[in-house]
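The values are calculated or read from the model by the stated rules, or taken from the named source; none is laboratory data. Keep in mind the model is a prediction, meaning the values are calculated, not measured. Neighbour counts run over all protein chains shown; Cβ positions are idealised from the backbone, glycine included.
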Amino acid sequence: MIRLDILSDPICPWCYIGKARLDRALEARPEHPFLIEWHPFQLNPEMPPEGMDRAAYLEAKFGGREGAVRVYTQIAEHAEQAGVEINFDKIRRTPNTLDAHRLIHWAGLEGRQTAIVSALFRAYFREGRDIGDAGTLADIAAEAGLDRAMVAHLLATDADRDDIIARDRHARERGVTAVPTFIIGNRHVVQGAQPSQLWLDVIDELAERPS
């Protein structure tokens with residue numbers, strides 16, 4: 001097996017699109033060699049714990065309403081091409097994602113990491129749920145097969161909070177400035193929501209190498 005480390009944030013639309021494109025390639029090559037692990041990277045590490053109004057956030061980030069509309073029109077076009085459903089009208093708040101990353105970490109301990117990542121993307125981009133809310137995160141955990149009570153208990157504590165912050169900081173110190181970022185075999189770095197064909201080419205090239 002070959003490690004495929006993915007740095008991502010569950011409120012990053014390009015991460016959502018990039019995962020869909022990768023998934024399509026993995027489905028076409030079920031014998032792929034990848035052992036996938038997800039790692040934390042917060043798009044907005046300084047976001048208040050309660051998050052903020054999404055419209056205000058987008059206008060501040062993209063220099064006004066017109067800038068936000070221009071950027072998200074492009075994202076919507078790429079999402080449609082990737083077969084990804086995004087309901088921007090349902091998204092009312094931009095959350096702080098530290099607790100979502102803690103949930104992804106805990107899911108990894110139970111072999112459910114990718115399932116939780118998928119559930120978080122779906123909850124945020126399709127259903128417009130606030131994935132910065134502890135109760136919502138506990139519900140998502142239960143829907144993905146985790147123990148809701150245990151997750152709710154952990155979210156009420158500071159468990160693994162410092163570790164997630166340190167891992168995010170470490171990624172930035174290594175030069176990661178945007179996500180998704182993919183690290184293949186701890187050697188090759190691929191950034192951005194790459195097309196499925198690129199992943200098919202990578203998988204085929206790896207298959208041709210002598211074992």
Quiz item: What's the number of the condition ASN186 fails, among (1) on the phi < 0 side of the Ramachandran plot; (2) in contact (Cβ under 8 Å) with a residue 40 or more places away in the chain?
Solution: (1)
Quiz item: Inside the range 117-151, can you point out the residues that are of a type in the set (Ser, Thr, Tyr), within 13 Å of PRO95 (Cβ to Cβ) and touching a residue at least 60 places away in the same chain (Cβ under 8 Å)?
Solution: TYR124
Quiz item: So is GLY128 of a type in the set (Gly, Ala, Ser), more than 25 Å from LEU35 (Cα to Cα) and surrounded by 14 or more Cβ atoms within 10 Å (Cβ to Cβ) or not?
Solution: yes
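Answer yes if at least one residue in the range 83-93 is small (Gly, Ala, Ser) and surrounded by 13 or more Cβ atoms within 10 Å (Cβ to Cβ), and no otherwise.
No, the range 83-93 contains no residue that is small (Gly, Ala, Ser) and surrounded by 13 or more Cβ atoms within 10 Å (Cβ to Cβ).
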Exercise. Being under 15 Å from the mean Cα position of the chain (by Cα) and either basic (Lys, Arg) or modelled with pLDDT under 95 (or both) narrows it down to one of ARG169, ARG161, ARG122, so name that one.
Key: ARG122
Exercise. Among the residues of the range 85-120, write down those that are part of a loop (DSSP other than H, G, I, E, B) and touching a Phe, Trp or Tyr at 6+ places or on another chain (Cβ under 6 Å).
Key: ILE86
Exercise. Give the residue, chosen from LEU7, LEU58, that is in a helix (DSSP H, G or I) and crowded, with 17+ Cβ neighbours inside 10 Å.
Key: LEU58
Practice problem: Answer with yes or no whether ASP89 is at pLDDT 95 or above and acidic (Asp, Glu). | Solution: no
Quiz item: Scanning the range 98-114 for residues that are without any contact (Cβ under 8 Å) to a residue 60 or more places away in the chain and more than 14 Å from LEU154 (Cα to Cα), which turns out surrounded by the most Cβ atoms within 10 Å (Cβ to Cβ)?
Solution: ARG112
Practice problem: Please verify whether the range 13-35 includes one or more residues that are within 29 Å of VAL202 (Cβ to Cβ), in contact with a Cys (Cβ under 6 Å, 6 or more places away or on another chain) and assigned to a loop (DSSP other than H, G, I, E, B). | Solution: no
